[in-house]
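Novice: Sharing a structure below in structure tokens format, with a few things to ask.
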Amino acid sequence: MGIQKVMVIGAGQMGSGIAQVCAQAGYDVLLNDIQQSFFERGLSVITKNLTRDVEKGRKTADEKMAILSRIQMSLDLKDASDVDIIIEAAVENMEVKQSIFKQLDTIAPAHAILATNTSSLPITEIAAVTNRPEQVIGMHFMNPVPVMKLVEIIRGLATADEVYKAVEEMTVKLAKTPVEVNDFPGFIANRILLPMINEAIYALYEGVASKEAIDDVMKLGMNHPMGPLTLADFIGLDTCLSIMEILHEGLGDSKYRPCPLLRKYVAAGWLGKKSGRGFYVYE
Ligand code: CAA
Ligand code: NAD
């Protein structure tokens, strides 16, 4: 059976973007969060993105309305009872994800694929709490989802080939490029990106240069679109810290130790752009 109806769990930065690209590709989408206001915040971001597309002549007003009409609110995981795939994009926390997957396993139809957008948590460990580990898979989108072309597709230990193929086909339908990766801490994207960001935070912590100077070096010297500290704020410092902890614990090498300054910022609630303050201050 093909994929027609999608449930996205978490209407934050990633979940709203995933819901948008799924609706753009013609899928019916249920966008789930724990509070109506969180759903509404996600929907307003999607509306803003689509309005910009209309203003720039990339979509018509009718297309914008048709895309929005394909996105429905969900505040209850029981709504997963008639979907073909669930893409989970709630917070980066193993207990939260395992609890969601345990519930989904009892609610979702037998054929449904359970995918997670986790940045770094082991797919195999999430799959293990379900009775369908062969139907659990990592579908790792990049931020901002409507712009970035890559989706890392991560096979858990038990993931079935036909499930991999179905997710690969869906990724192409979303106008993204799938890249196959095995289940090791941080997969590929974050195993390489996050140590670079963490090192930039160490450079700031040790007083090697100012935050602006560190970002300028990487932007102007390496042609990165954003400096590493701006990118950390953009990803979310809580998410960055979780990923470094997973790399440190999972690979056991001190080179992955999270910088104390990163821990301090997260403890202070300075989570980056989404909380209004991280390395930089946002209006
Ligand atoms: N949502 C939708 N579209 C967006 C957007 C957003 N949040 N932000 C920017 N865009 C679009 C803009 O509309 C614009 O498109 P048009 O010019 O066609 O209208 C285009 O992107 C470029 O935007 P801007 O001109 O405003 O700014 P920019 O040139 O600096 O590009 C950027 C913005 C694309 C975000 C760019 O800075 C960039 O590529 N940054 C790096 C992003 C990155 O590294 N992402 C990966 C993060 S790591 C990750 O996701 C994995 C993980 O698990 C943590
Ligand atoms: P976010 O904080 O912006 O959004 C998380 C959303 O999940 C919030 O709206 C929250 O209310 C909701 N949520 C929390 N618990 C929930 C539950 N039990 N049921 C339903 N909704 C719940 O976070 P984000 O940046 O969108 O990250 C989401 C996931 O995507 C994380 O696993 C993260 O590691 C991953 N990810 C993040 C990035 C990034 O750059 N931020 C990139 C790729 C992947």
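All of the numbers you see were taken from the coordinates with simple rules; none came from a lab. Bear in mind the structure is a predicted one, so any value in this text is a computation, not a measurement. Every residue, glycine among them, receives a Cβ derived from its backbone with ideal geometry; neighbour counts consider all protein chains shown.
Novice: Which whole-number percentage describes the relative contact order of the chain, with Cα contacts under 8 Å and a sequence gap of 6 or more?
Specialist: 13 percent
Novice: Quick one: what are the phi-derived ³J(HN,Hα) couplings along the stretch 92-106, Karplus 6.51/-1.76/1.60 with θ = phi - 60°, whole Hz, x for glycine and proline?
Specialist: 3J(HN,Hα) across the stretch 92-106, in whole Hz: 7, 8, 4, 4, 5, 5, 5, 5, 5, 5, 4, 5, 4, 4, 8.
Novice: Among the DSSP beta bridges whose two residues both lie in the chain, what percent are antiparallel, rounded to the nearest 5?
Specialist: Counting DSSP beta bridges with both partners in the chain, the antiparallel share is about 20 percent.
Novice: Another question, if that's okay. For the chain, modelled as a GNM with alpha-carbon contacts under 10 angstrom, which of Arg263, Arg58, Arg155 fluctuates the most?
Specialist: Looking only at Arg263, Arg58, Arg155, the largest GNM fluctuation is found for Arg58.
Novice: Kindly work out what percent of the DSSP beta bridges joining two residues of the stretch 54-176 are antiparallel, to the nearest 5.
Specialist: Just about 40 percent of them are antiparallel.
Novice: Sticking with this structure for a sec: Nothing charged except the Cβ atoms of Lys and Arg (+1) and of Asp and Glu (-1): what's the magnitude of the dipole of the stretch 5-182 about its Cα centre? Round to the nearest 20 debye.
Specialist: For the stretch 5-182, the charge dipole is close to 580 debye.
Novice: Also: What's the ranking of 178-185, 107-114 by average number of surrounding C-beta atoms within 10 Å, highest first?
Specialist: 107-114, 178-185
Novice: Expressed as a whole number of Å, what is the distance separating the alpha-carbon centroids of the stretch 14-30 and the stretch 146-204?
Specialist: Centre-to-centre (Cα) distance: 18 Å.
Novice: For a protection proxy built on the mean count of beta-carbon atoms within 10 angstrom, sort 60-69, 9-18 highest first, please.
Specialist: Ranked from most to least packed, the peptides come out as 9-18, 60-69.
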